[in-house]
Number of protein chains: 2
Amino acid sequence: MTKKSTDSPVIGVDLGGTKILAGVVDSNGSLLGQSKRPTKPSAGVDAVIDRMAKTVREAIEAAGLKLSDMAGLGTGAPGPLDPDKGVVLHTPNLPWVNVPLAKMLSERLEDLPVFIENDVNLGTYGECAFGAGVGAQDVVGIFVGTGLGGGLVLGGELRQGWRKACAEVGHMILLADGPVCGCGKRGCAEALASRTAIERDIWAGIKAGRESVIPELVKQESRERLTSGALAEAFRRGDPLVAEVLGKAQFYLGLLTASVVNFVDPEMVILGGGVVEALGESYLVPIRAVAYQFFINQDGAKDVAIVPAKLGDNAAVMGEAAWARMKLAKA
Amino acid sequence: MTKKSTDSPVIGVDLGGTKILAGVVDSNGSLLGQSKRPTKPSAGVDAVIDRMAKTVREAIEAAGLKLSDMAGLGTGAPGPLDPDKGVVLHTPNLPWVNVPLAKMLSERLEDLPVFIENDVNLGTYGECAFGAGVGAQDVVGIFVGTGLGGGLVLGGELRQGWRKACAEVGHMILLADGPVCGCGKRGCAEALASRTAIERDIWAGIKAGRESVIPELVKQESRERLTSGALAEAFRRGDPLVAEVLGKAQFYLGLLTASVVNFVDPEMVILGGGVVEALGESYLVPIRAVAYQFFINQDGAKDVAIVPAKLGDNAAVMGEAAWARMKLAKA
């Protein structure tokens, strides 16, 4: 295929454990068309990548464009990967081992150039390109969901890291003798402030006889897991158990924010992910209060912005598109 | 004065709370001459800077050179400073407030170009230029002394930070409900693994009736404070109290190493400072074991070098000289 101009649209496609999300983005950062479908990881690698390609084609169609109009595609996957080779090394939640995602997806899309990176890295990159971090050069992203991930942008560039394993902020240790994390170690931020940690502590409270509106809300939603929406609703209603558990998570997010600031001294920390989005600014107030107190250097402390993410579910897709555009420009 | 060639010698001068250390360094990193004297901070700002200038002149004399042979001077000071303006903002241990160190020192040295930076940043920079980090691009330095400081070199360049307050690794939180730190907050690495923290726990044990060779060693040294040398000697003799307290410090240094690696994904972590130097490789073994276990990404984990500093007391002076040379080259 012919080489596209640098202002041709690009595609971002996000590969999550539960859903695939694709978007067509123009050079101004406008989302021209979108599509999504469940990942269904149990169907296997080929089937999932087929589904990704299908979702991409639908997003292009929704934008009223053709595949041949696209300059390239960026995709974000969880877990360790080799962005230079385009290979997903292993992702516990799919579960994949050594999958040449870039090549396999490109083959299904008429050899469109495909670039891969860690999904949360690209969420942070997206916020810097088109969201809360526009204009900022040194940014740490902290995304709270089932897990707790991060991204690091320094001097306007995504830091990928020496082993391409950068910004795993969920596995910075905050409470050495704290609860066991999904990773098997104790005291990681993820074991203290992720939605999984929040859920664990809320159900433990309920099981021990604490009153809460949570069981009723979960029943209404007919879901097995506690959603960010249900958590936010219980918090708004003043549920004491939820307030207590979220309060602890906020405290630890404040400590995590202070730790990353004390270490790399950025100009901005962006907090995003389901719980933060569902509760918005009110969730950030105590996080900010704790963080600012724990900054070791108080000179200009309040000039360090601690802000909510702006792009919501689209952060990764926007970042994936921006990543593809940057890689194409450098190619 | 005339501009010197880029391979003229430069001077590094380290301003500590207890001593001033100066060294003349050539373009190959050879130390041509050195001098030191006590800081005597109680004599006031002017007197201390006079003493710095005198120490510099002596180091030049020891090298068999003249002030006019020098291309420039780098100096490292503790505490928050403004390297662009050459001003030390405030240093608790001197104590100085808004001291234009670069200008005042330059005036005393025939207007020699003077560049300032944080001392521990420059210690890390020195290890990268001439010590354990030669050839490495992405390095975290962790220096354990009275406090616990750090430095961050990324892509071969010292990261100064957005507020010029980078790499305060001693104030990353590792044990949220841990002991109170000198900074007033709880659970900082410095409150868990610095010599001050080690000393606190050893004396608490002795006060509570634990047996230890420490009181005898301190008596022999006729010093008030526990030195790194005495700690190392007690450790070598198998003192159980010292082994226990150092073991905890090592565990927390392992967690700190893992936290910084999980966040910025460097190729090397250099551990230095009095205690590490006094005990050497044997002090690092358990730190390394803990750290590697806590790396979230195990791909190539052991390729991340965790090594002792090589330059000892000269790390800062060598880094200060390298810093001056880099600034002169960029000017």
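The values are calculated or read from the model by the stated rules, or taken from the named source; none is laboratory data. Given the structure is predicted, the values throughout are model-derived calculations rather than measurements. Neighbour counts are summed over all protein chains in view; Cβ atoms, including those assigned to glycine, are modelled from backbone coordinates with ideal geometry.
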Flag for B:VAL260 being in contact with a Lys or Arg (Cβ under 8 Å, 6 or more places away or on another chain) and closer than 16 Å to B:ALA136 by Cβ: no
Could you tell me whether any residue of the range B:258-266 is surrounded by 21 or more Cβ atoms within 10 Å (Cβ to Cβ), free of Cβ contacts under 8 Å to residues at least 24 places away in the same chain and in the same structural domain as B:THR227 (by TED's automatic domain parsing)? yes
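Yes/no per residue for (1) within 11 Å of chain B (Cβ to nearest Cβ); (2) modelled with pLDDT under 95; (3) assigned to a strand (DSSP E or B):
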| residue | (1), (2), (3) |
| --- | --- |
| A:PHE263 | yes, no, no |
| A:LEU284 | no, no, no |
| A:ILE287 | no, no, no |
| A:ASP299 | yes, yes, no |
| A:ILE306 | no, no, yes |
Testing B:GLY145 on (1) under 9 Å from the mean Cα position of the chain (by Cα); (2) among the small types (Gly, Ala, Ser); (3) closer than 11 Å to A:PHE263 by Cα, one condition comes back false. Which one is that? (3)
Take the conditions closer than 23 Å to B:GLY312 by Cβ and of a type outside the set (S, T, N, Q) and apply them to B:ILE198. Does it pass? yes
Log entry, pairs with first residue in the range B:108-125 being not assigned by TED's automatic domain parsing to the domain that holds B:VAL269, second being assigned to a loop (DSSP other than H, G, I, E, B) and polar (S, T, N, Q), beta carbons closer than 8 Å, six or more apart or on different chains, reads B:GLU117/B:GLN160; B:ASN121/B:GLN160
Any residue that is touching a Phe, Trp or Tyr at 6+ places or on another chain (Cβ under 8 Å), within 30 Å of B:ALA132 (Cα to Cα) and surrounded by 21 or more Cβ atoms within 10 Å (Cβ to Cβ) - is there at least one of those in the range B:49-72? yes
Out of (1) under 14 Å from A:ALA321 (Cβ atoms); (2) loosely packed, with under 15 Cβ neighbours inside 10 Å, the one A:PRO38 does not meet is (1)
Of (1) at the interface with another protein chain (Cβ under 8 Å from one of its Cβ atoms); (2) assigned to a strand (DSSP E or B); (3) not hydrophobic (A, V, I, L, M, F, W, C), A:GLY151 satisfies all except one. Which? (1)
Looking at (1) within 14 Å of another protein chain (Cβ to nearest Cβ); (2) of a type outside the set (A, V, I, L, M); (3) surrounded by 24 or more Cβ atoms within 10 Å (Cβ to Cβ), which is the only condition B:GLU320 fails? (1)
Apart from one, (1) within 27 Å of B:THR257 (Cβ to Cβ); (2) within 15 Å of the chain's Cα centre (by Cα); (3) outside any helix (DSSP H, G or I) all hold for A:ASN121; the odd one out is (3)
Looking at B:LEU31, is it farther than 24 Å from B:THR91 by Cα, surrounded by 15 or more Cβ atoms within 10 Å (Cβ to Cβ) and at pLDDT 95 or above? yes
Taking B:VAL269 as the residue in question, decide whether it is in a strand (DSSP E or B), closer than 23 Å to B:GLY131 by Cβ and within 14 Å of chain A (Cβ to nearest Cβ). yes
Residues that are in contact (Cβ under 8 Å) with a residue 40 or more places away in the chain and either more than 8 Å from chain A (Cβ to nearest Cβ) or charged (D, E, K, R) (or both): find the helices (runs of 4 or more DSSP H) completely inside the range B:154-230 holding 2 or more of those. B:190-193, B:195-207
Is it true that B:GLU127 is within 25 Å of A:VAL139 (Cα to Cα) and either part of a strand (DSSP E or B) or at pLDDT 95 or above (or both)? no
Would you please list the contacts, defined by Cβ atoms under 7 Å and residues six or more apart or on different chains, that run from a residue in the range A:284-312 that is free of Cβ contacts under 8 Å to residues at least 24 places away in the same chain to a residue that is of a type in the set (Ser, Thr, Tyr)? A:ALA301/A:TYR292; A:LYS302/A:TYR292
Candidates B:VAL140, B:VAL144 - the one that is touching a helix residue (DSSP H, G or I) at 6+ places or on another chain (Cβ under 7 Å), farther than 21 Å from B:ALA329 by Cα and within 13 Å of chain A (Cβ to nearest Cβ): B:VAL140
Strands (runs of 3 or more DSSP E) within the range A:1-102 that include 2 or more residues over 28 Å from A:GLU168 (Cα atoms) and touching a residue at least 12 places away in the same chain (Cβ under 8 Å): A:31-38
Assess whether B:PHE130 counts as being touching a residue at least 40 places away in the same chain (Cβ under 8 Å), more than 14 Å from chain A (Cβ to nearest Cβ), crowded, with 21+ Cβ neighbours inside 10 Å and closer than 20 Å to B:VAL261 by Cα. no
Looking at (1) crowded, with 16+ Cβ neighbours inside 10 Å; (2) modelled with pLDDT of 95 or more; (3) within 14 Å of chain A (Cβ to nearest Cβ), which one does B:VAL245 not meet, given that it meets all the others? (3)
Quick one: would you say B:VAL134 is within 23 Å of B:LEU328 (Cβ to Cβ) and either assigned to a loop (DSSP other than H, G, I, E, B) or assigned by TED's automatic domain parsing to the domain that holds B:MET318 (or both)? yes
Quick check, is B:GLY280 away from chain A (no Cβ under 14 Å), touching a residue at least 60 places away in the same chain (Cβ under 8 Å) and not hydrophobic (A, V, I, L, M, F, W, C)? no
Just give me the residues in the range A:231-240 being assigned to a helix (DSSP H, G or I) and under 15 Å from A:ALA278 (Cβ atoms), in sequence order. A:LEU231, A:ALA232, A:GLU233, A:ALA234, A:PHE235, A:ARG236
